[in-house]
1. How about the range 76-150: which strands (runs of 3 or more DSSP E) wholly inside it have at least 1 residues that are of a type in the set (S, T, N, Q), in contact with an Asp or Glu (Cβ under 8 Å, 6 or more places away or on another chain) and more than 30 Å from N195 (Cβ to Cβ)?
2. If I filter the range 270-291 down to residues being among the small types (G, A, S) and modelled with pLDDT under 85, which single residue comes out as nearest to the chain's Cα centre (by Cα)?
3. Return yes when L434 is at pLDDT below 80 and outside the structural domain of L315 (by TED's automatic domain parsing) and no when it is not.
4. Scan the range 24-55 residue by residue and report those that are over 23 Å from A204 (Cα atoms), surrounded by 15 or more Cβ atoms within 10 Å (Cβ to Cβ) and of a type in the set (D, E, K, R).
5. If the requirement is being hydrophobic (A, V, I, L, M, F, W, C), more than 36 Å from the chain's Cα centre (by Cα) and in a helix (DSSP H, G or I), which of these qualifies: A348, A366?
6. Looking at G236, G179, G159, G170, which is the one that is closer than 30 Å to M276 by Cα and of a type outside the set (S, T, N, Q)?
7. Every residue in the range 589-606 that is within 17 Å of G282 (Cα to Cα), in a helix (DSSP H, G or I) and in contact with a helix residue (DSSP H, G or I) (Cβ under 8 Å, 6 or more places away or on another chain), please.
8. What are the residues in the range 351-385 that are at pLDDT below 85 and surrounded by fewer than 22 Cβ atoms within 10 Å (Cβ to Cβ), if any?
Amino acid sequence: MDLSTSLQTFPGIGPVKAKALARLGLENVGDLLRWYPRDHEDRSQIYSLAETPEEPCCVLAMVAETPRTSYIRKGLSLTKCRIVDGAAQAEVTFFNQDYVRESLRRGESYIFYGRVERFGNQKKLTNPVFEPEGKARFTGRIMPVYPLTAGISNNRLAGMVLRCVEECAGLFPDELPPGLRQSYTLASEEYAIQNIHFPKDWEALELARRRLAFEELFILSCGMAFLRKRRGAVEGRRFPQREPGDFLKLLPFSPTGAQRRAMEEIAADLTSGRPMNRLVQGDVGSGKTAVAAFGAWLAHEGGVQCAMMAPTEILARQHYETLSALLEPAGIRVGLLVGSLKPSEKKAVHQALARGEIDLAVGTHALLSAGVAYQDLGLVITDEQHRFGVGQRSALSAKAEIPPHVLVMSATPIPRTLALLIYGDLDVTVLDELPPGRTPVETYLVGEDKRQRMYGFVRKHVMEGRQVYIICPAVEEGEGMDLKAVTAYAKDLQERVFPDLRVGFVHGKLKSGEKEAVMSAFSGGTLDVLVSTTVVEVGVDVPNATLMIIENADRFGLSQLHQLRGRVGRGKWQSTCVLVSSNRAPETRERMKYFCSTTDGFKIAEKDLELRGPGDFFGARQHGLPTLKAADFAGDTRLLKEAQQAAGEVLDADPGLEKPENRPLKEKIRRLFAEDGDIFN
């Protein structure tokens, strides 16, 4: 067996199980060893039944009677038996696990892992894991808990990993230079792989995690340093200095201090002689469009074209209308290029772009299509960065003769430590002020018992001429236990709850044309209630929508809830967001109440990072930078600083990573940044 050995060669892994493993990205032994546990359970200590702690633990006990199965109803069976040790006894119950009758033999001893509950003098265990005494693989040790998929149990995956660790943990090359490992007290690769999966104790687990997390952050920091270095070495267009007052006269409002600061930074970039690569991140409604318009105005003043790419057609049309109204008085010709244009219309736009008759092209991915040529593209603006990959940004930039300036707009507030790493190849500007006159959205948390009152609230908003969003976590019934599903819920609302209102629905499984049609109907006011999944998270601006209801709100991260809440509160009316959740878990209630207490997206992002780790930001991102497996930004800030310091030291001593001891490192960076293959050029 080696790192490339297919998992299909393992006993019990046929085509169906192999397909399930492939869903997790697991196809060979190397993949499996890099599939790090999401948690570990302490099964290392064995307790007597009389002295068990409140949390799950291991007990060694003998089966005192043959297990018996009773069938309660169709689809539900209970298998029970009594277990004893020298000090006490307990009743064990298994739901729908009839095989237990054959697996547990009377008079034999087993190690059971589970929570021992007390009911008066009685002790009970429900669905414990068990293994015969003397043959234990997954009890009497610290046990890994893996991210799973349907059809693959934790025990099966752990069994496969254990075999791989025993035979192959030493086959990974150690790509960190020996001097670096010594300076930063890092374990060897082999030790880290063995102990991240099956640690011999908690200290070994921490040493393994530190090594693997440090390596990820170090490689990422090195890669970012290369991106910055490469960027600094390129000459860019130098735009002429312009008096921003001429642009400010075009605005129908006075910009905030944060908007002015962003404009100054953009103007400095565009006149510096090196290509701008700037991220402007601002909360919903912080005025990013005006900042983008300023960039387009400067490009026009510099005699070049500008392209602005949005993630959806409806958003592209909205930007087109806003920017046309704002910039055409200054003589800037704005064109729209989206997939749904007629062939003749597309051809006309293509020709106008090639002849330089369009100064600002606004569109979707259509701006990247093969037939599109610009006369002189000098500035690329992408909206909602987490919907675009680095590759798409590069594809648009490639349509320019000279490297264009790049401005990235994101409405996803990201804590600064995370932003500097995710967008390490970009300079970061934060719009941290809201324009005056924007009323914060009032947010409430309600339980299932308030549903009828909530429906009354929906009707009140619609009767006042306003519109309502209702968000569900699932598309169809059966996707999750008791989750509201868009299709069935919309049907129920239309037929039973609001037969007199116009209810529509939209979700990600609809064809893009169908989605656009529903969103346009809602935007145009021909729907009162829109039932949707999170596809509206980055959506069209509907100032008339004043109520956002989020069903099963506990299923969403705070940052995602914040994006959804940002869909309302865009008009002149007071808007409300209602979170519906019957989850009574204290930590869930605390999270929901925190969300209700603030509308500051950056505070919410910090809290989300603290509570959930970086998954919320990395999960939605298709950025092209590698997703981290071992590092955790909430807990690894100090480690990140150490890794960045180490990257600086290594690159100062060997800028091109040409020394023999650094070549494996260079190759690893190249692999990690596979999407951005020209990182070293």
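The values are calculated or read from the model by the stated rules, or taken from the named source; none is laboratory data. Not measured: the values here are computed from a predicted model. Please note: Cβ atoms are built from the backbone with ideal geometry, for glycine as well, and neighbour counts cover all protein chains shown.
1. 76-84, 122-126
2. Taking the candidates together, the pick is G282.
3. yes
4. Selection gives E27 alone.
5. A348
6. From the options G236, G179, G159, G170, the qualifying one is G236.
7. Residues of the range 589-606 within 17 Å of G282 (Cα to Cα): 598-606.
With the extra rule that they be in a helix (DSSP H, G or I), the set shrinks to 601-606.
Of everything in the range 589-606, those that are within 17 Å of G282 (Cα to Cα), in a helix (DSSP H, G or I) and in contact with a helix residue (DSSP H, G or I) (Cβ under 8 Å, 6 or more places away or on another chain) turn out to be G601, I604, A605.
8. Scanning the range 351-385 gives H365, L368, S369, A370, G371, E384.
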